[in-house]
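Data first, discussion second: the structure below is written as C-alpha cells.
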Amino acid sequence: MNEDAKRWIYWTLPIVVVIGLLVALYYGRKERAIPEPVVQETPLARNDEPLIQHPISEESGQTQSMPSLANSDHDVQASLDGLFGSSIDAFLIPQNLIRRFVVTVDNLPRKKVALQLRPLKPVPGELVTSNDLQGRELTLSAENYVRYTPVVDLLRKADAAQLTALYRRYYPLFQEAYGDLGYPDAYFNDRLVEVIDHLLATPEIDGPIHLTRPSVYYQFADPALEERSEGQKLLLRMGSSNAAVIKDMLRELREEVTTPVNPPAP
C-alpha cells in the first residue's frame, strides 16, 4: 500500500469506534490545561470531583467483576463478539482495545493524528481518484466510497442501546485510560459527547470533491475543507451517503450516553 493510500484510509475505521466499538491505547498529551484556584471569602466544602456535564451510569460495571485496564482486552473483545459476531475480529487490532479507543476519540477533532495509534485495521484497497476529460480536474472518485461498504454495513447492524450498555459496563476503565492520557481531572464521557457534536457538524458536500496533489499527499482543493479536523475530513472522504449513515448512528449514540439509565420521576 502506498503512502497516499495510508494517509487517506488509516483513520477510516476509527469513526466506527467512536460510535461504539470501544477501543483505546495510551498516549501522553503535551498540552494540559490546569484550572486556576478560586479564592472564596467563606470556606466551602472541598470537592475534588471534576465538573461533569454528562454523567454516565456505571451500575452494570458495579455488579460484575471488572478486569484491570491492562488485562481487559479479552473481556472487551468477547463482549464485542457478542454484539457483532466474530466477524468484527477481522477489523480489530486486538491489543490495548480500550486505550486505543480513548486516544482515537481524543484525536479525531484535531488536524493531525498519530497513525500508529489507530484502533482498527485500515480499509483495504487504494485511494481512487478521477480526472475530467481534459485531465485537469482531480476529484475523489465515487468508486472510492465503495471501499467503506463493509464498515457501513457493520454500522447498520449496530444497536446504539446495546453498544452503550457495553460502554457503561466498562466505563471505569475508559475513565482510567483517559486519566492516563493526561486528563486526570476531566470526564471522558463529556469528551465523547464533545467529539460526537464536532463530527455531526461536518458539512455536507453536494457534487464532486476536488483534490490537489502539491507534493506527495493528496489534499482537498478547497482550503476551508483542508483546514478541517481529521475526523471531519474522514466523513467527507467516505461520501455523503456513508456519512449520513454514520451521523444517524452518532445521534443515537449521543442520546444514549447523555440519558440516565434511571431518570428521576417527574
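Figures for the structure shown
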{"quantity": "Positive-pole candidate from V128, L181, L192, dipole of region 124-246, charges at beta carbon", "calculated": "V128"}
{"quantity": "List K233, K111, ordered by accessible area with a 1.4 Å probe, largest first", "calculated": "K111, K233"}
{"quantity": "Largest-first ordering by accessible area, 1.4 Å probe, given options Y171, Y217", "calculated": "Y217, Y171"}
{"quantity": "Cα→Cβ-extended label distance, 7 Å offset, between I52 and E230, nm", "calculated": "2.9"}
{"quantity": "Net charge of neighbours whose Cβ lies under 13 Å from the Cβ of L108, counting Lys and Arg as +1 and Asp and Glu as -1", "calculated": "+4"}
{"quantity": "Per-residue SASA entry for M66, accessible area with 1.4 Å probe, Å² rounded to 10", "calculated": "70"}
{"quantity": "Virtual spin-label span in nm between N131 and M66, 7 Å along Cα→Cβ", "calculated": "5.8"}
{"quantity": "Spacing of the two label points (7 Å from each Cα toward its C-beta) at D153 and D248, in nm", "calculated": "1.7"}
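The values are calculated or read from the model by the stated rules, or taken from the named source; none is laboratory data. Remember, it's a predicted structure, so these values are computed and weren't measured experimentally. Positions of Cβ are backbone-derived with ideal geometry, glycine not excepted, and every protein chain shown enters the neighbour counts. These accessible areas exclude ligands, DNA and RNA; they are computed on the full protein's heavy atoms, side chains included. Shrake-Rupley method; radii C 1.70, N 1.55, O 1.52, S 1.80 Å.
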